[in-house]
Each structure stands twice: as C-alpha cells, then as structure tokens.
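Q: First the structure, which I've put down as structure tokens, then a few questions once you've had a look.
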Amino acid sequence: MLVIYSFLITSAVIFGIGIYGFITRRNMLKMLMSAEVMFNGALLALLALSRASMVPAKGGILALIAISLAASEIGVMVSLAILIFRIKRTIDVYELRRHRG
Amino acid sequence: MSQFPIELIVFSAFSISAIVFSLLVVEHKSLVYSALSLAFLGISNAALFALLGFDYIALFQISVYVGAAVMFILFSATLFREIPPTEVPMRAAAIGIAILVIAAIAAIFLPYNEVVLSPVSIPWDKEGGLARTLVQSYWFPFLVVALALITTLIEGITLARREEVVE
C-alpha cells in the first residue's frame, strides 16, 4: 500500500541534494545541474500533491508547463555558459566574479 | 506476494535510483557523467510520475526534458574544459542547510501520511482530462510556453554558432 507521503519524502530528499550541490559547486554547469535536481524534486512534490487533490488534471497541466519552461531555461543557461566560456575561457563562478566589468 | 505488492517494489526501486542519481549529479567530478546522471534522474522521476497515474506527463518528461534538454547539457558539457574540483569551505554548512530543508518539508507534509494512493490513471482526452483542461482553460499559458520554446531554440542557435572570421 503506497501513501502520498512516501513520494513527498523522496522529493524532499532530491530537493535537499540539489540545494547541497547548488551551494557547494563553483562550476556554472554544475550549479545549473544542481538547480535541475531541485526542479525534479519540486516537480515530483507537485504531482504527488495534485494526485491527493480533488482535480489532479490541473496539477498535471502545471507540470507540463513547468517541464517546458525548464527546457527553455536549460537552453538559455547553457548557451550563456558557452558564450561566457568563449569570452573568458572559464565557467568557474569565483573566477568570473574576479574578472567582472 | 501480497506482503510485497508490485507497486511498492517499483516505487522503492525508482525512488532509490532517483536519489542515487541525484547524488551522482552533484558529486561526480566529470561534467559528462553528471549530465548523464541527470538524464537517468529524469527517467526515474518519469517512472514515479507514471506510478502516480500521470502516464502522459511521464512520456512528456522523457521526450522533452530528458530527450531534448538534458541531452543539450550532455553535448554542451563536452565543449568545456573540465575544472579540477577544489575544496569548498561551505560543505558542512551546505549539508546542514540541506538536512534542515528536508526535515522542514517532511514536517510540513506530515498530514499526507494518511492519504493512500489509489490505482487510478489521470485521463487525457475525456471530460476533466489533461488535454481538454489544457485547451479549454489554459490555452494562453500553453501558447506562451510554445513561444518560449521556439524563442529558446532561436536564441540557442544564435549564441552557439561559430563566429565568422572577418578578413
């Protein structure tokens, strides 16, 4: 017998791992991937909670829109990282802060 | 067999794999293997969506998120020079913050401990299904998302193309 809470706990653990990665990494792509891990955890929580609600289809639509926007965000961020790497030859955010301006 | 229903086994397998792959995304030294782990995390998450009854969202997750977005990261990661890992002084603080967030979310959602998952699939094209609700009530966000995806495609091509050498 499965309960919704087990999905929510899984999503919380995935979200927490994403937060840990986002704080500790200094590579721009690693930070983006950690943010994507957080997004995956949040998406699982959204669908689990919408499954427990009276109208689960609305949660599904929110998830569809969120997945599409995440794909757009990945496109923008990776293109920016490529552009920054071409100009500065690094995607280390600490180094980029030093070379700003 | 009744003591170990198939749903519980599938859930345990995919939730453990999702957690392991998210750890690999964060901890692996290579960008390429991190991106590959992100793809497997997306697939594990899609299996959990299907288990929740959202079959079409699972298909969408695999085709759009894993198939397009994560593969974009994977192939872009090969363009970058690998940065050697450095000691991060905030590791202990980050672990503390992550544990605090997990505990807070677990406490907030504690009332859902009683809600049992019934084996129902969310319909796609029936009354109250995903497609009808999307077209009838959420057509404008759907349009905006479609435009955002097209704009991203154009922006990605513009930024990533090779610069022409002017002689």
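Q: So, in region A:45-62, how many residues would count as being touching a Phe, Trp or Tyr at 6+ places or on another chain (Cβ under 7 Å) and either of a type outside the set (Gly, Ala, Ser) or modelled with pLDDT of 90 or more (or both)?
A: Here the count works out to 3.
Q: From the residues in region A:37-65 that are within 7 Å of chain B (Cβ to nearest Cβ) and not hydrophobic (A, V, I, L, M, F, W, C), which one is surrounded by the fewest Cβ atoms within 10 Å (Cβ to Cβ)?
A: For region A:37-65, the residue satisfying everything is A:Lys58.
Q: Another question, then. Residue check: is A:Gly16 more than 16 Å from A:Glu73 (Cα to Cα), within 7 Å of chain B (Cβ to nearest Cβ), assigned to a helix (DSSP H, G or I) and at pLDDT 90 or above?
A: yes
Q: Mind checking which residues of region B:43-64 are among the small types (Gly, Ala, Ser) and within 7 Å of chain A (Cβ to nearest Cβ)?
A: B:Gly53 - this is the single residue of region B:43-64 that is among the small types (Gly, Ala, Ser) and within 7 Å of chain A (Cβ to nearest Cβ).
Q: List, please: which pairs have Cβ atoms under 8 Å, are six or more places apart or on different chains, and start with a residue in region A:72-89 that is closer than 15 Å to B:Leu74 by Cα and end with one that is charged (D, E, K, R) and at pLDDT below 85?
A: Pairs that qualify, where the first residue is closer than 15 Å to B:Leu74 by Cα and the partner is charged (D, E, K, R) and at pLDDT below 85, are A:Gly75/B:Glu155; A:Val76/B:Glu155; A:Ser79/B:Glu155.
Q: Pull up region B:1-46, narrow it to residues that are in a helix (DSSP H, G or I) and among the charged types (D, E, K, R), then point me to the one that is nearest to A:Ile82 (Cα to Cα).
A: So the residue we want is B:Glu27.
Q: Same structure, new question: So for region B:45-60 (the condition being surrounded by fewer than 23 Cβ atoms within 10 Å (Cβ to Cβ) and under 23 Å from B:Leu79 (Cα atoms)), does at least one residue qualify?
A: Checked region B:45-60: no residue is surrounded by fewer than 23 Cβ atoms within 10 Å (Cβ to Cβ) and under 23 Å from B:Leu79 (Cα atoms).
Q: Taking region B:132-142 as the search range and keeping residues that are more than 9 Å from chain A (Cβ to nearest Cβ) and under 13 Å from A:Leu64 (Cβ atoms), which one is modelled with the highest pLDDT?
A: B:Trp139
Q: Sort out which residues of region A:59-101 are part of a helix (DSSP H, G or I), more than 30 Å from B:Phe140 (Cα to Cα) and not basic (Lys, Arg), and write them in order of number.
A: Correct list: A:Ala81, A:Ile82, A:Leu83, A:Ile84, A:Phe85, A:Ile87, A:Val93, A:Tyr94, A:Glu95, A:Leu96.
Q: Could you say which residue among A:Ser11, A:Ser68 is under 22 Å from B:Gly53 (Cα atoms) and more than 7 Å from chain B (Cβ to nearest Cβ)?
A: On inspection, the qualifying residue turns out to be A:Ser11.
Q: For region B:77-131, how many residues are surrounded by fewer than 12 Cβ atoms within 10 Å (Cβ to Cβ) and either at pLDDT 80 or above or not in a loop (DSSP other than H, G, I, E, B) (or both)?
A: The qualifying residues number 7.
Q: Residues that are more than 7 Å from chain A (Cβ to nearest Cβ), within 13 Å of the chain's Cα centre (by Cα) and more than 16 Å from A:Val37 (Cα to Cα): does region B:73-87 have at least one?
A: Within region B:73-87, not a single residue is more than 7 Å from chain A (Cβ to nearest Cβ), within 13 Å of the chain's Cα centre (by Cα) and more than 16 Å from A:Val37 (Cα to Cα).
The values are calculated or read from the model by the stated rules, or taken from the named source; none is laboratory data. Only a predicted model underlies this, so the values are computations on that prediction, with no experimental measurement involved. Here the Cβ is made from the backbone with ideal geometry for all residues, glycine too, and neighbour counts use every protein chain on show.
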